[in-house]
Every structure is written in structure tokens, then in C-alpha cells.
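A.B. asks: Quick one: the structure is below, questions incoming.
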Amino acid sequence: MTETKELVKKLADKHGRVRESLIPILQGVVQEERYISSEAMTEIARELDISAAKVYGTATFYSFLDTQPRGKYVIRVCRTISCAMKGKNLIIQELEDILKIKIGETTQNRKFSLLETNCLGWCHKGPAMLVNDEAYTELTPEKVREIINEYMIK
Amino acid sequence: MSNNFLRRVDLIFDQDCNLKDILKSTYQRANDDIINELLESGLKGRGGAGFPTALKWKFTSEQADPDKYIVCNADEGEPGTFKDREILFKVPQKVFGGMAICAKVINAKEGFLYLRGEYRFLLPELEKQLDAFHKVINEIGVNFKIKIIMGSGAYICGEESALFESMEGDRGEPRNKPPYPTVSGFRKKPTVINNVETLVYSFMIFRYGARKFKELGTADSRGSKVFSISGDTPKPGIYELELGMSVEQFVDEFGDGDTKAVQVGGASGFCVPRKKFKDTIIGFEGVPTGGSMMLFNSSRSMYNVLKNYLEFFEEESCGQCTPCRVGCQQLKLGIEAVKKGERHAAYLEQLQKLAQTMKITAKCGLGQSVANSFFSIVENFKEEMIY
Ligand code: SF4
Ligand code: FES
């Protein structure tokens, strides 16, 4: 069995083979493989006995269920109003400089992906970003550099 | 200026309370009695729509179906709103407690907390708190279990029927209404869905009694409310305030001396310009709000603000119905064209008509409420839209 196949089976065992388990399974795949490949989607469809189109439809609806390969650390910078007012553009510029990629891209070594996202719920402490599940607030370009440096050596 | 109405209150954050005692004593009461106390308090849903909480519970309790659910909506995603995060972080037991009281009233054995994906970092601690809660529930011999379900980053899932779709493993697309959740909600079963803050207040009403809550606020807007304050303010953060203040009183307290507009209720709410500060009450008799307050000073372009909101809606529209899917895009393209001079200023009126159409024809609150910010910003800051 391929790794993906095994993973999907493991997740289906854990969450159950019912429609309600679809999103938890998709979330589990993203956690392990950083994105949902078409192989994963077909496998999930098979395990849950639903059409692959249904799996695809659900997976592509949610912004955290990536269907494109992502890096080990996914950086999501808030682009909504409060963070925009507090200078999220500078933060993005800094990130693009450090990582040498543009918004939407992943570094060559597959370590970082850089994305924009909508309000993260830290509007009083903007600009804010998530690195995977971790929230960082009141960002400045210097602070961003420090944070990324730490992830670089992880 | 008088500030005698802007009262800070503390009903939920620092108040100690014994979960076990409150649940025990409430579980001894008759369901009608519980509903009446809640009704007496005047508590309305704190998500913004303002439906009386007691009635929601009552309608659901009257359904004959043996399977019913209580769902806590912790999918706040409205730009400017971050109060639920604080509540879940600081007083999760009180949220669970509110769910347990509701469960008794409607006779539910299972409850669900739908947590937005952006708050996954809260999960380990919440799971711990939930274990402790289940122990208490067991000790008093009550059969009720709460499960946490994780969202995956979709603003529309805060809409209750979209949230059920998502819980059932589908795209978060709102359903047709009626039927309402009280009749057909999660798994098409009668369901009470309340947001985090509503459940906390429900619980605290059984700690204090309805009277204490009712003494606060105004006839239309009872009690206090948690506000999340951001934008151009020296005091951004989370505050629990008595309802019924005017925008002017609010600005006196939280403005930076140069406030030109306050957006009440987030991107889907209303923009109040300076000249209306005095006469606008924050509450159901004036501008209703889920709690988000964003301040803008005169260094801000309201055109940029509106454009940012429209980008938000364009991206978060579930795409199911045309007025919203196409409308959001066209409104954004429209104001851009006016700004660039490609369209005459009179085009704004056509865009307002489009927003009006969306209000009438969009299927759910997202598409319907785009008109709120669009109208209130375009009307009050027309020059900024053009020049
Ligand atoms: S109004 Fe918008 S979000 Fe609501 S159902 Fe229609 S397309 Fe979806
Ligand atoms: S606007 Fe950026 S976190 Fe809310």
C-alpha cells in the first residue's frame, strides 16, 4: 500500500466511515501530507463510499483544506481591514524578501508557503499571521524576521 | 461630555461560579420555569440577529423528535470580531454550562462546539476543560456529552445552516429557510444553535437570576454585551459594556480624538459617520451589532475600507446564488471603475440599486448584509468614493 492509502485507511478507522467523517479525514490528510492529492481524494471516496466529485467539492470549498502542495510551514497573513490598517503590506513584503517567494508560492525546499487569508480574530493586535496553527500578532518587519529565522532552523 | 451611560460591567469574565452547584440547582427546576427565567431576562442572541434565546429553546423543546442537539457556534469570522476567542480562552466552563442547561430544557444528549479553524490552537486546552466538565456532569448524574468539531476556514460556516452542512461533511452552503433549526438542524433534527456569548450569558443568568441581567441595558436591548474594539483607537481590545450607549459616548471613551466613522457590527454591519454619532444608539433600537466596533480616523480612506470589505465578501461568498456571487464582484468592480474615472459618479446609484437587489434576493445573511456597509459608506462618504 502507498503511504497515502495507508494514511486514509488509518483516518477512516479513527473517524468512522460515514459522511460526517469526511472533513476530519481531509483535515487529517492535510496535517500529515500538507495537502490533499488526487490520490488521497480517490482513496477517501473509496473508503467512505461516496463519489470522488463529492470529496473534491468539499475539499476545495475550505481555505484550510489545501489541494495544492504546500510547505512544511504554511504562513497565512491576514489581509482584512484591521490588519490592513496596521500595515500588513509591510509584513508581506518582508516575508517575500526573506523567503524569496511571492504570495501563493512555496519555497524550493518545500519548507514555507506564503498565503493571504481573511480575518484571523486578532484584529486588536494587527497585523496578525498564522504559521500552521500558531498565531503571531502585533507584527513588525523585525519581529517577522525573528520568527521566520526560528522556523528556518527547525 | 457626559459619559454616564457607558458602564463597564463584569458579568462573565472574572465572576467566580461553581459550575456544579449551578447545574445541580438548575437541573432540579422544571423546564418551563427555566425558560421563563430566561425569557424574563430579555436575553437576545448575541450573534447579531437578536432572536430571543428563551423562545429558541422553547420551540426546540416542543418538538416531539427524540433526537435533538445543542450546537455552540464558535465560528466567528466577521472582520473586527474576536470576543468568542477570549470567552473560550478565559471561561470555557461557563460556555459548556450554558450548553448543559439548554440540553436539559430541550432534552438533548449530545452537544457540539463548532470551532473555527483559525482557533485550532485553543483545541488542546479546550479538550482538557471539556474532560473536567464531563466529570462534573457525571457526578451530578446527567447524561450529556459535548464534542468539538473543527472548522476549516470558511466565513460562511458561521451561518447556522451552512454550519450544519459543514458538520455533516459537505460544502458550507446555507440551506433554504424555513425550516428553521428549531425544527430541522443538525442531521435534520431539531437543534438549538447559539453562539458562544449567548451561551455564556444564558449560564450566568442562572448564576445571578434574571433580574440582575434585566436591570442592565434598555427596553429593546437588555443586559450587557462583549465588544471587540479595533482600528484607530488607543484602547483596542475586549470590553464588556452595558447596552444602550450612543456612538458618541462610545467614541468619547474609545476614540483617538479624530474619529470620523465607526463601523458597528463588522463588515456586514453599518458605518456611522461623525454627524450621526450623537443620535445613534448601539443596540437593537439603533444599530444592532454582534459586538464588532471598528474606528476610523480622518487619515483613512473610506473607499479603501469599502473595497477591503467587498474583497472579503467576494472571497467568502459560498457562490450558491447569483445575486451574491456576481453581486459582490460587480460592486467591487463598480467602485473601482468610478474611482478610476471610467464611470461617472452617477454609476454609484446603480450600484446601490444592485446592493438593494442583493438585500432582497440573496439567499442568506451574507449576501443580504453586503448592502449594509455598502449603503452606509457610499451614502456618507460619497466624495471619497469619487475623488
Ligand atoms: S447569499 Fe452568498 S453566501 Fe449566502 S447562499 Fe447566496 S451565495 Fe451563498
Ligand atoms: S482583521 Fe486581521 S485579524 Fe481581524
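A.B. asks: May I ask for the distance between the Cα centers of region B:271-328 and region A:87-129, given as a whole number of Å?
C.D. replies: First find each Cα centre; the distance between them is then 25 Å.
A.B. asks: Would you please give the residues with an amide H less than 5 Å from that of B:Val272, counting only those at least 5 places away or on a separate chain, with H modeled from the backbone geometry?
C.D. replies: Amide H neighbours of B:Val272, under 5 Å, 5+ apart: B:Val262, B:Gln263, B:Val264.
A.B. asks: To continue, here is another question. Give me the dipole magnitude in Debye, nearest 20, for region A:57-116 about the Cα centre, with unit charges on the beta carbon: positive for Lys and Arg, negative for Asp and Glu.
C.D. replies: It works out to roughly 120 debye.
A.B. asks: If you don't mind, another one. Any chance you could get the radius of gyration and Dmax over the Cα atoms of region B:250-365, in Å?
C.D. replies: Rg and Dmax of region B:250-365, Cα atoms, are 15.4, 43 Å.
A.B. asks: Need one word for region B:79-218: rounded, prolate or oblate. Basis is the Cα gyration tensor (sqrt eigenvalues a ≥ b ≥ c); a/c below 1.5 gives rounded, then a/b vs b/c decides.
C.D. replies: Rounded.
A.B. asks: Residue by residue through region B:270-283, what is 3J(HN,Hα) from phi via Karplus (6.51 cos²θ - 1.76 cosθ + 1.60, θ = phi - 60°)? Round to whole Hz and write x for glycine and proline.
C.D. replies: In residue order, the calculated couplings are 10, 9, 9, x, 3, 5, 10, 4, 5, 8, 9, 8, 8, x Hz.
A.B. asks: Note down the relative contact order for region B:269-371 as a percent, whole number, built from C-alpha pairs under 8 angstrom at least six residues apart.
C.D. replies: Relative contact order comes out at 22 percent.
A.B. asks: Using only Cα atoms and rounding to the nearest 10 degrees, what angle (0 to 90) does helix B:347-361 make with the longest principal axis of chain B?
C.D. replies: It works out to around 20 degrees.
A.B. asks: Among B:Gly209, B:Gly290, B:Gly98, which one shows the biggest mean-square fluctuation in a GNM of chain B, springs joining Cα atoms closer than 10 Å?
C.D. replies: B:Gly209
A.B. asks: Let me ask another. Using +1 on the beta carbon of Lys and Arg, -1 on that of Asp and Glu, and nothing else charged, what's the dipole of region B:1-118 about the Cα centre, debye to 20?
C.D. replies: 160
A.B. asks: May I pose another question? If you project the alpha carbons of the protein assembly as shown onto their three principal axes, what span does each projection cover, largest first, in Å?
C.D. replies: Taking the Cα atoms of the protein assembly as shown, the three principal extents are 72, 67, 45 Å.
A.B. asks: Distance between the C-alpha centers of region B:1-61 and region B:92-170? Whole Å please.
C.D. replies: Taking the Cα centre of each part, region B:1-61 and region B:92-170 sit 18 Å apart.
A.B. asks: Determine the principal axes of the Cα atoms in chain A, then give the extent along each, sorted from largest to smallest and rounded to whole angstroms.
C.D. replies: Extents along the principal axes: 49, 30, 23 Å.
A.B. asks: Please give the length that would be gained between B:Thr357 and B:Lys20 if that part of the chain were fully extended, namely 0.36 nm times their separation in residues minus their C-alpha to C-alpha distance (nm, one decimal).
C.D. replies: Gain on stretching B:Thr357 to B:Lys20: 116.2 nm.
A.B. asks: Tell me, for the protein assembly as shown, which Cys residues have no other cysteine's C-beta sitting closer than 4.7 Å.
C.D. replies: By the Cβ distance rule, which asks for a partner under 4.7 Å, the isolated cysteines are A:Cys119, A:Cys123, B:Cys17, B:Cys72, B:Cys102, B:Cys157, B:Cys271, B:Cys318, B:Cys321, B:Cys324, B:Cys328, B:Cys364.
A.B. asks: I need the semi-axes of the equivalent ellipsoid of region A:32-101: take the C-alpha gyration tensor, multiply each eigenvalue by 5, square-root it, list largest first in whole angstrom.
C.D. replies: For region A:32-101, the semi-axes come out at 33, 15, 7 Å.
A.B. asks: How large is the helix-only mean residue ellipticity at 222 nm for the protein assembly as shown, computed as the sum of -39500 (n - 2.57) over DSSP H runs with n ≥ 4, divided by its residue count, in deg cm²/dmol to the nearest 500?
C.D. replies: Using -39500 (n - 2.57) per qualifying helix, the result is -14000 deg cm²/dmol.
A.B. asks: By the gyration tensor of its Cα atoms, with a ≥ b ≥ c the square roots of the eigenvalues, what is the shape of region B:125-191: rounded for a/c under 1.5, prolate for a/b over b/c, or oblate?
C.D. replies: oblate
A.B. asks: Same structure, new question: Given a 1.4 Å probe, show me the residues in region B:130-158 buried by at least 30 Å² of accessible surface when comparing the whole protein assembly to the chain alone.
C.D. replies: Residues passing the criterion (a loss of at least 30 Å², heavy atoms only) are B:Ser152, B:Gly153.
A.B. asks: May I ask you to list the lysines whose Cα is less than 18 Å away from that of B:Lys275, ignoring any residue fewer than eight positions away on the same chain?
C.D. replies: Correct list for B:Lys275: B:Lys260, B:Lys382.
A.B. asks: Now a separate question. Along the charge dipole of region B:91-224, Cβ charges K/R +1 and D/E -1, which of B:Ile205, B:Pro92, B:Tyr119 sits furthest on the positive end?
C.D. replies: B:Ile205
A.B. asks: Same structure again: Rounded to the nearest 0.05, what FRET efficiency do B:Glu62 and A:Asn132 have when you use their Cβ-Cβ distance and R0 = 41 Å?
C.D. replies: 0.35
A.B. asks: Same structure, new question: How big is the B/A interface in buried accessible area, both sides summed, 1.4 Å probe, to the nearest 100 Å²?
C.D. replies: 3200
A.B. asks: Can you give me the angle between helix B:123-139 and the longest principal axis of chain B, using Cα atoms only, in degrees from 0 to 90, rounded to the nearest 10?
C.D. replies: The angle comes out at about 30 degrees.
A.B. asks: Given Cβ point charges of +1 (Lys, Arg) and -1 (Asp, Glu) and nothing else, what value in debye, to the nearest 20, does the dipole of region B:103-250 about its Cα centre take?
C.D. replies: 620
A.B. asks: Along the charge dipole of chain A, Cβ charges K/R +1 and D/E -1, which of A:Pro24, A:Ile91, A:Thr80 sits furthest on the positive end?
C.D. replies: So the residue we want is A:Thr80.
A.B. asks: I've got another one for you. Let me know the Kirkwood hydrodynamic radius for chain B, please, with Cα pairs as the basis and the value in Å to one decimal.
C.D. replies: 21.6
A.B. asks: Gaussian network model of chain B, Cα springs within a sub-10 Å range: biggest mean-square fluctuation belongs to which of B:Leu122, B:Leu23, B:Leu130?
C.D. replies: Residue with maximal mean-square fluctuation among B:Leu122, B:Leu23, B:Leu130: B:Leu122.
A.B. asks: Right, here's the next one. Per q in 0.13, 0.23, 0.26 Å⁻¹, report the Debye log10 I(q)/I(0) for region B:70-131, using one uniform scatterer on each alpha carbon and no solvent.
C.D. replies: Here log10 of I(q) over I(0) equals -0.35, -1.00, -1.19.
A.B. asks: Once the Cα atoms of helix B:31-41 and of chain B are each reduced to a long axis, what angle between those two axes, in degrees from 0 to 90 to the nearest 10, is obtained?
C.D. replies: 40
A.B. asks: Once the Cα gyration tensor of region B:298-368 is diagonalised, what are the square roots of 5 times its eigenvalues, in whole Å and ordered largest first, as equivalent ellipsoid semi-axes?
C.D. replies: Values for region B:298-368, descending: 21, 14, 10 Å.
A.B. asks: Under a straight-distance cross-link criterion of Cα-Cα below 19 Å, which lysines are reachable from B:Lys359, leaving out those fewer than 8 residues away in the same chain?
C.D. replies: Result set, ordered by chain and number: B:Lys177, B:Lys307, B:Lys332.
A.B. asks: Taking 8 Å as the Cα distance limit and 6 or more residues as the minimum spacing, I'd like the relative contact order of chain B as a percentage.
C.D. replies: 18
A.B. asks: Under the rule a/c < 1.5 gives rounded, and otherwise a/b versus b/c splits prolate from oblate, where does region B:165-258 land using the Cα gyration tensor?
C.D. replies: oblate
A.B. asks: Suppose accessible area is computed on protein heavy atoms with a 1.4 Å probe; arrange A:Arg110, B:Arg175, A:Arg34 from highest to lowest.
C.D. replies: A:Arg110, A:Arg34, B:Arg175
A.B. asks: What do you reckon, how do A:Arg46, B:Arg120, A:Arg17 stack up by accessible area (1.4 Å probe), largest on top?
C.D. replies: Reading off the accessible areas and sorting them downward yields A:Arg46, A:Arg17, B:Arg120.
The values are calculated or read from the model by the stated rules, or taken from the named source; none is laboratory data. The shown structure was predicted, so the numbers you read here are calculated from the model rather than taken from an experiment. Cβ sites come from the backbone with ideal geometry, for glycine too, and all protein chains shown count toward neighbours. Only protein heavy atoms, including side chains, enter the accessible area calculation; ligands, DNA and RNA are left aside. Shrake-Rupley method; radii C 1.70, N 1.55, O 1.52, S 1.80 Å.
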